[in-house]
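Peer 1: Mind looking over this structure? Questions follow.
The values are calculated or read from the model by the stated rules, or taken from the named source; none is laboratory data. Remember, predicted model here, so these are calculated numbers, not experimental data. For neighbour counting, all protein chains shown are included, and Cβ atoms are generated from backbone atoms with ideal geometry for every residue, glycine included.
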Amino acid sequence: MHAPTVLRAATLAVALAFATAVDAKTLRWSSQGDILTMDPHAQNEGLNNTVSDHIYEPLVTRGKDLKIEPCLAVSWKAVSPTAMQFKLRQGIKFHDGTPFTADDVVFSIERALAPTSNFSPYMQGITGARKVDDSTVEITTKGPNPVLLPQLTEVRMMSKAWATKHNVQRPQDYKNKEETYASRNANGTGPFVLKSREADVKTVLVLNSNWWGKMEGNVNEIFYQPIKQDGTRLAALLSGEVDFVLDPPPQDIPRLKKDAKIKVVEGNENRTIFFGFDQWRDELQYSSVKGKNPFKDQRVRQAFQLAIDVNALKTQVMRGLSTPTAVMFAPQVDGYDKALDTVVKPDRERAKKLLAEAGYPQGFEVTLDCPNNRYINDEKLCQATAAMLAQVNVKVRLNAMPRATYFAKIQKFDTSFYMLGWGVPTFDSLYSLQSLLRTVGQGGDGNFNLGKYSNPKVDAAVDALKTETDPARRKALTKEALAIHKADVGHIPLHHQVIPWAMRANVSVVHRADNRLTVKWVKIN
Amino acid sequence: MIAFVIRRLAQGVIVMLVVGLIAFSLFNFVGDPVALMLPPEATQADRQAMRENLGLDKPFYVQFATFVGNAVQGNFGISLRLGRPVSALLVERLPATLELAFVAATLALVVGIPAGVYTGLKRNAWFSRVLLTVSLIGVSLPTFLIGIFLILIFAVWLGWLPSFGRGDTVMVGGWSTGFLTGSGLKALILPSITLGLFQLTLIMRLVRSEMLEVLRTDYIKFARARGLTNRAVNFGHALRNTLVPVITITGLQLGAIIAFAIITETVFQWPGMGLLFIQAVQFADIPVMAAYLCLIGFIFVVINLVVDVLYYFVDPRLRIDRAAAGGH
């Protein structure tokens, strides 16, 4: 018998045995890479967090509209500017049967704060946690922290007793050349229980029948099987060996859409692609210009922006799969302002005039650093951009390289002109503004401002945003920073990526801008 | 004989050191694993701490000496991607690769030799021409294309065979085998054809040309003159004499099959060492890459040694006067 048929028959048998779940289904899910570890605090990576979310739960989580919702905490209130108290959900049990208590929360927060934790970005400003009583925990912060709740959506709760028993009180450390128990075993409170795991082959999760929440879908078993090759992954979907592919190759989307057996669901990703310039060196490093840096001149940056037609990039390079933009983050992010997001119309004549005014009537030569396996069509975007800039006499030498080399280079500020894509896991504007626009400094300030754009007015707005908790004020500060940055042409935003998900026609999912599949919402007919 | 083996072993050690050095020095240019392991938001201090944790801050020769010292003991460190000891990972993946290589090599021999004999004997038969034409595809089409074609035909269009993976496996001792389950055997078909096709056509063409050459020699003419049956002449005399180079090539190709399984394994998501290696490259997972290259180097060294020793037994001339056997 054909393998999937056996599988379906087996699922059916299980479903019949448990008459309560008559229409329960197995979701066979694939994407390019494998889950790295089962430890919820060891790897802050997209897919890993997605899978962790099914096994381990945070205090607060995101709903279908990405708004914050209660999860293991039922309510919360600020008791002082630097402390927030959380009331915990009662009667929750871990998969091994031990009850979930305030001690587990304190333990998990401390574990995520450990030096070997990979989750420090989500722990910024958090100083610790304290048990108030069995059902109340207080989390303390350095100063007022307006993004505490978004941060906590990524901090998942482990059982203190389980971690102690298996000696995994700390996240895996690469220095101790050993694997830890928690990297291949899991014990959370979430809707699914880890049943088996074979790295690069198959990970099986089964429904947690004691889960407290509401299953809106009908999946009772998940097979996660990574398939590295685009062609093979697609073949497996077409032949019905998998039900859901998180990352179908963009060039195949038009073909998949024509296939009646396949469904493609698209939405914009919470990730914005842009170009940045070296604006701090006195002499541009990789360029024909000697003795000065043309990118210090706003007119040159504006000329570049006017030469790049972002709508053409969408139709010619992205095959329609992008949302052109003029701002640095996606509409889902708090602080987004539609009025500022008006795409710049290309104007070659004006660009040439601006270059001439700035003293480069003949244009100049510059090297564009570009990744070739990080963002969708990254290298092709750079090639198209080079062609567009050539029309205003700027000669672009393209230096495309794989992500592993690329990021090592540009993070040393070793670039004159570069491409970067920025996602916002907190869904709050501060995350982008602080990393990308703020002058390079301490504590995450400008840590990805790789061309060292700097404007004191932007800095003032960003610094105010760090402690401002009033939503209206936050919005105003964000708008102010973005408007100044836009007039400065500090970067050239291109688009928000669109992420298509491909699945068998009988599968329904809820698309999320953070590219995470939530199986509790998945229905298979 | 013993001196010969010792000399070969010494050469093998040098080869292994060079492989180790090349592998190791290449990895300095593969990229910075720290950039991939830490979130983009990590600070310079975090990066530096991680680098020190991993020993990446030490000078090159210290890193290399540590590497060789550990490698000799089978300790290649911990995979940066999976956080598990590399040796354990390789041991886990070895059965998948070896089973695939074994089936592919068997296929190449079992089909390749008879096809070579046939096309050698019946040079002008239409079926010989078909075989030779098809064999051209085997030598000229890249492996991944053949794999994708097979998947398209047998998995997507016909739905007979799985497009990826190894099916269900059974643990026999510490060895996970796909030979004992229906889905495991089915899953072997497409990847082993893909992997073995090149070797199959190579062996077929080799046997054919050797047969053509041998059939022209005096002793074959003499055998015919003695009135021996065609069968005795073709198989007893001709084929036996073609087998010496075939054994050599097969031995060396076995190494190639294991090493080039990378592409086949990637196309079919076959959970072997090749797939592990490819994923390691993307992640700049230095320990895995180093261990894999050293292991493949080691397999080649061993196979070469075995083939050299086999010469001694297969070719009597070698035992008397090695210089006279320069032909092979």
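Peer 1: Looking at A:Thr141 and the list (1) more than 14 Å from chain B (Cβ to nearest Cβ); (2) within 26 Å of A:Lys64 (Cβ to Cβ), which single condition is not satisfied?
Peer 2: Going through the list (1) more than 14 Å from chain B (Cβ to nearest Cβ); (2) within 26 Å of A:Lys64 (Cβ to Cβ), A:Thr141 breaks only (2).
Peer 1: Quick one: would you say B:Leu195 is in a helix (DSSP H, G or I), closer than 17 Å to B:Trp270 by Cβ and away from chain A (no Cβ under 14 Å)?
Peer 2: Yes, satisfied.
Peer 1: Go through (1) away from every other protein chain (no Cβ under 14 Å); (2) farther than 21 Å from A:Asn185 by Cβ; (3) of a type outside the set (A, V, I, L, M, F, W, C); (4) buried (at least 21 other Cβ atoms within 10 Å of the Cβ) one by one and return the number of the condition A:Tyr122 breaks.
Peer 2: Unmet for A:Tyr122, out of (1) away from every other protein chain (no Cβ under 14 Å); (2) farther than 21 Å from A:Asn185 by Cβ; (3) of a type outside the set (A, V, I, L, M, F, W, C); (4) buried (at least 21 other Cβ atoms within 10 Å of the Cβ): (1).
Peer 1: So, one more: If you go through region B:258-277 one residue at a time, how many are more than 20 Å from B:Gly167 (Cβ to Cβ) and either buried (at least 24 other Cβ atoms within 10 Å of the Cβ) or in contact with a Gly (Cβ under 6 Å, 6 or more places away or on another chain) (or both)?
Peer 2: Total satisfying the criteria: 3.
Peer 1: Filter region A:211-236 for residues that are in a helix (DSSP H, G or I) and either at the interface with another protein chain (Cβ under 7 Å from one of its Cβ atoms) or in contact with a Leu (Cβ under 8 Å, 6 or more places away or on another chain) (or both) and give the result.
Peer 2: Answer for region A:211-236, where residues must be in a helix (DSSP H, G or I) and either at the interface with another protein chain (Cβ under 7 Å from one of its Cβ atoms) or in contact with a Leu (Cβ under 8 Å, 6 or more places away or on another chain) (or both): A:Gly231, A:Thr232, A:Leu234, A:Ala235, A:Ala236.
Peer 1: A further question follows. What are the pairs, 6+ residues apart or on separate chains, where a residue within region A:32-59 that is within 12 Å of another protein chain (Cβ to nearest Cβ) and more than 14 Å from B:Gly83 (Cβ to Cβ) has its Cβ under 8 Å from a residue that is of a type in the set (Lys, Arg) and part of a helix (DSSP H, G or I)?
Peer 2: Hits for this filter: A:Gln32/A:Arg233.
Peer 1: For region B:266-294, enumerate the residues that are at pLDDT 85 or above and not in a helix (DSSP H, G or I).
Peer 2: Within region B:266-294, B:Phe268, B:Gln269, B:Trp270, B:Pro271, B:Gly272 qualify.
Peer 1: Does A:Ala464 fit the bill of being modelled with pLDDT under 95, surrounded by fewer than 20 Cβ atoms within 10 Å (Cβ to Cβ) and either hydrophobic (A, V, I, L, M, F, W, C) or in a strand (DSSP E or B) (or both)?
Peer 2: When the stated conditions are applied, A:Ala464 passes them.
Peer 1: Considering only region A:413-459, state which residues are among the acidic types (Asp, Glu) and either without any contact (Cβ under 8 Å) to a residue 24 or more places away in the chain or more than 27 Å from A:Thr153 (Cα to Cα) (or both).
Peer 2: Of everything in region A:413-459, those that are among the acidic types (Asp, Glu) and either without any contact (Cβ under 8 Å) to a residue 24 or more places away in the chain or more than 27 Å from A:Thr153 (Cα to Cα) (or both) turn out to be A:Asp414, A:Asp445, A:Asp459.
Peer 1: Looking for whichever is at pLDDT 90 or above, on the phi < 0 side of the Ramachandran plot and either more than 14 Å from every other protein chain (Cβ to nearest Cβ) or part of a loop (DSSP other than H, G, I, E, B) (or both) here; the options are B:Ala104, B:Ala187, B:Ala96. Which one fits?
Peer 2: When all the criteria are applied, what remains is B:Ala104.
Peer 1: Would you mind stating whether A:Leu246 is within 14 Å of chain B (Cβ to nearest Cβ) and either among the aliphatic types (A, V, I, L, M) or within 27 Å of A:Thr426 (Cα to Cα) (or both)?
Peer 2: No; evaluated as a whole, the condition is false for this residue.
Peer 1: Taking region B:135-156 as the region of interest, how many residues are under 30 Å from B:Asn230 (Cα atoms) and exposed (fewer than 14 other Cβ atoms within 10 Å of the Cβ)?
Peer 2: 1
Peer 1: Moving to a separate point now. Take B:Thr119 and tell me if it is within 14 Å of another protein chain (Cβ to nearest Cβ), touching a residue at least 12 places away in the same chain (Cβ under 8 Å), hydroxyl-bearing (Ser, Thr, Tyr) and in contact with a helix residue (DSSP H, G or I) (Cβ under 6 Å, 6 or more places away or on another chain).
Peer 2: In short, no.
Peer 1: Within region A:425-443, is there a residue that is assigned to a strand (DSSP E or B) and either within 12 Å of chain B (Cβ to nearest Cβ) or not hydroxyl-bearing (Ser, Thr, Tyr) (or both)?
Peer 2: yes
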